[in-house]
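Before any comments, here is the structure.
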Amino acid sequence: MAKERVLVVDDEAGVRDSLHSILKDEGYAVDLADSGERCLEMVRRKPYHAVLLDVWLPGKDGLGVLEEIVALPSAPRVIMISGHAEVPVAHRAGRLGAFDFIEKPLSLEKVALTLRNAVGDKKKDDRILTLKTQLQKDTALIGESPAIRELRQQIAVTGPTNGRVLIFGENGTGKELVARSIHAMSLRREEPFVEMNCAAIPEELIESELFGHVKGSFTGALESKPGRFVLADGGTLFLDEIGDMSLRTQAKVLRVLQEQAFEPVGGTTLRVDVRVIAATNKDLPREITTGRFREDLYFRLNVIPLRVPPLRERAQDIPLLAVHFLELLSSAYGRVKRLAPEAIPALRAYRWPGNVRELRNMMERLVILVPGDVITLADLPPSLRGDGAPGQDLFQGFGSLREGREHFEKQFILMKLQEAGGNVVRAAELLGLERSNLYRKMRAFGIRTGEGGN
């Protein structure tokens, strides 16, 4: 593990040497500077977690150096040290952005504790910056097709408003990515983005997950738990697969949308300020006519409808997406891969029934399994190369249509389980089935959980 880097700046050689010895023993990588000018040269050339900076320096004094350091991008934490217990100087250093102020003579315990806190604070900020950078990458809609350009424009217009959004699209098209993009462009972007897959949570638990519960409100409620609406207060709540929500829960969500108020299970009324974005792979108007979805909730949610196109409708984006996923996954696995030009037409010609998710899974599989640096046409599975067309042997060995249909259904479920890495919830999404229905089929075909994960 890389050591935390610390710069000690003092014009007294004895102080520098003493701190160097102490901090090296504490496990830090330590550099030394004897002037403010030298300090600024070093922090501009090399990243540090913290700087121990003397106030009284020849030439440019410590406070002037502090001002320049804190103005740098990804600035280190600065701990001021001084042999003069001057309260105004300490106050000014704090206003300029110093992390802390230590008086000489220096106490080993005080220096060690303050530096540990400063380095921890710097590393925490670095992690937040990394997550924000990753979030920006994760919310980027890759592609230049007319459909994606139009969708990006709709997101740019929709994002800064508080209007509710209903996202339509097949499984794997990137509905959650669209929701995150809307949140990232909204005035709530510094507040929480909380998601919940309505299809992945059992009916008996969904109200507790959405609205929370108080301790003792039901058997097993050993402590109070905030629901997703509370966790998203001030920010955005993304309700994925809203079409799978029961009518009873739909009625309670409708009330929250109308009044911004609800009761946790066993609790009293709470008020929240939440922007709701919902998504579905179902035809909700049809669900309304069959009585499976509330029309009033539909109109509450469908203030701004957005449609995410399936990958087959944006084939020109497939090479861009494939390269994007290869770069992302090559970095994650530490294996640099590139796509041979000969493989691109095959990727474009394939229908991608699992959409962008299936393409990403395919790129991950190739990054892991292909031994060389270049992914060629020969490395693609037969279904992508176009030489996996069904022949007469496909129909051999079945005495009836029912036997043939069951064989195909079992193999197709196994294939989707493999694409989902053995994750039944993801496989159900790929198949367009409810999870409970998929479990029933797996039991009927004798498929064990995890069988498709290899």
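The values are calculated or read from the model by the stated rules, or taken from the named source; none is laboratory data. In this text the structure is predicted, and so the values were computed from the model without any measurement. We place every Cβ from the backbone using ideal geometry, glycine too, and count neighbours over all the protein chains shown.
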For segment 104-118, does any single residue satisfy the condition of being out of contact with any strand residue (DSSP E or B) (no Cβ under 9 Å at 6 or more places or on another chain), closer than 22 Å to Ala315 by Cβ, not in a loop (DSSP other than H, G, I, E, B) and not assigned by TED's automatic domain parsing to the domain that holds Ser331?
no
List, please: which pairs have Cβ atoms under 8 Å, are six or more places apart or on different chains, and start with a residue in segment 333-345 that is more than 20 Å from Ile318 (Cα to Cα) and end with one that is surrounded by 13 or more Cβ atoms within 10 Å (Cβ to Cβ)?
Tyr333/Val367; Arg335/Val367
Report yes if some residue within segment 43-52 is outside any loop (DSSP other than H, G, I, E, B) and out of contact with any helix residue (DSSP H, G or I) (no Cβ under 7 Å at 6 or more places or on another chain); otherwise report no.
yes
Do you know which residues across segment 146-183 are more than 25 Å from Glu429 (Cα to Cα) and of a type in the set (A, V, I, L, M)?
Ala156, Val157
Tabulated pairs, segment 203-219, first free of Cβ contacts under 8 Å to residues at least 24 places away in the same chain, second surrounded by 11 or more Cβ atoms within 10 Å (Cβ to Cβ) and of a type in the set (Lys, Arg), C-beta under 7 angstrom, 6+ apart or interchain:
Glu209/Arg228
If you check Pro371 against the conditions, is it assigned by TED's automatic domain parsing to the domain that holds Trp352 and either modelled with pLDDT of 85 or more or not in a helix (DSSP H, G or I) (or both)?
yes
Does segment 260-274 contain any residue that is buried (at least 17 other Cβ atoms within 10 Å of the Cβ) and under 22 Å from Val178 (Cβ atoms)?
yes
